[in-house]
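The structure appears below as structure tokens.
The values are calculated or read from the model by the stated rules, or taken from the named source; none is laboratory data. Please read these numbers as outputs of a predicted model, since none were measured by experiment. Here the Cβ positions follow ideal geometry from the backbone for every residue, glycine too, while neighbour counts run over all protein chains shown. For the accessible areas, the whole protein counts, side chains as well, though only heavy atoms, and no ligand, DNA or RNA atoms are used. Shrake-Rupley method; radii C 1.70, N 1.55, O 1.52, S 1.80 Å.
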Amino acid sequence: MRPAALALALALAAALAGPAAAQPQRTPQQQISESQRRLQQIREEREELRRDLRTIRGQVNSVSAEIRNIQRQATVSASLLRELELQLEATQLQILDTETELAATQAQLTLKRELLDRRVRDIYKRGPLQAVEVLLSAQSFSDLINRYKYLYLVARRDRRLVREVGELHRQLALREQELKRSYAEIQYLQAERAQEHGQLESLRTNRSRTLTTLRTHERA
């Protein structure tokens with residue numbers, strides 16, 4: 001290849017590869033959602049094949065068509081199993097992410113609780129009149145204003161701390177709910193996978209039996 005042509009080919013390859021490399025990576029939840037859509041299409045196709053098989057078995061000389069249908073069902077069942085495996089892997093990744101977020105939220109909550117407990121103890125030790133005493137002990141009007149601003153900032157910081165603790169409690173509860181849903185989904189997917197393995201084995205048995213029937217007819 002000429003140098004100019006080679007340079008042009010490399011430039012085109014880089015231009016084509018650029019957008020693909022820039023695509024954002026899909027999250028486990030996006031992978032699960034896409035797989036669920038494909039799974040629904042696979043199930044619809046399998047149901048149609050099962051209806052066709054019931055029709056075929058009512059016809060004369062339908063063994064060859066029955067074999068083709070069973071082979072197609074086995075292919076569809078294998079595709080369904082691949083989607084279930086993908087969903088299991090994505091759900092397990094989702095659980096790991098949620099557990100990491102849960103641990104981080106728990107650590108923040110522990111820290112904020114310690115700060116809030118310390119503030120409550122300080123307020124209890126000083127008593128309810130401590131703020132009034134601070135204001136009354138001011139030496140001048142400007143000193144009074146400064147003390148008032150200080151007390152206002154302290155009170156605002158305390159209120160913000162209380163809100164932060166409440167928000168962390170809410171986030172913690174949400175993460176725990178997400179974990180429970182993910183664990184339940186894992187159990188459901190594992191049960192469905194086991195059932196689908198049995199379905200695939202049954203299809204292979206039916207195919208072998210039907211092939212034997214076809215060979216018997218051919219010999220006859």
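Which number in (1) surrounded by 14 or more Cβ atoms within 10 Å (Cβ to Cβ); (2) at pLDDT 85 or above marks the one condition that Ala138 misses?
The one condition Ala138 does not meet is (2).
Given the criterion more than 18 Å from Thr105 (Cβ to Cβ), surrounded by 11 or more Cβ atoms within 10 Å (Cβ to Cβ) and either of a type outside the set (A, V, I, L, M, F, W, C) or touching a Phe, Trp or Tyr at 6+ places or on another chain (Cβ under 9 Å) (or both), identify the matching residue among His197, His169.
His197
Working only within segment 11-59, note down all residues that are modelled with pLDDT of 55 or more and open to solvent by 100 Å² or more (accessible area, probe 1.4 Å).
Gln23, Pro24, Gln25, Arg26, Arg37, Gln41, Glu44, Arg51, Arg54, Arg57, Gln59
For Arg72, indicate whether it is modelled with pLDDT of 85 or more, in a helix (DSSP H, G or I) and surrounded by 15 or more Cβ atoms within 10 Å (Cβ to Cβ).
So Arg72 passes the test.
With the requirement that a residue be assigned to a loop (DSSP other than H, G, I, E, B) and either in contact (Cβ under 8 Å) with a residue 40 or more places away in the chain or open to solvent by 20 Å² or more (accessible area, probe 1.4 Å) (or both), what does segment 60-69 give you?
Answer for segment 60-69, where residues must be assigned to a loop (DSSP other than H, G, I, E, B) and either in contact (Cβ under 8 Å) with a residue 40 or more places away in the chain or open to solvent by 20 Å² or more (accessible area, probe 1.4 Å) (or both): Val60, Asn61.
Checking the structure you have, find out if any residue of segment 187-194 is in a helix (DSSP H, G or I) and modelled with pLDDT under 80.
Looking through segment 187-194, none of the residues is in a helix (DSSP H, G or I) and modelled with pLDDT under 80.
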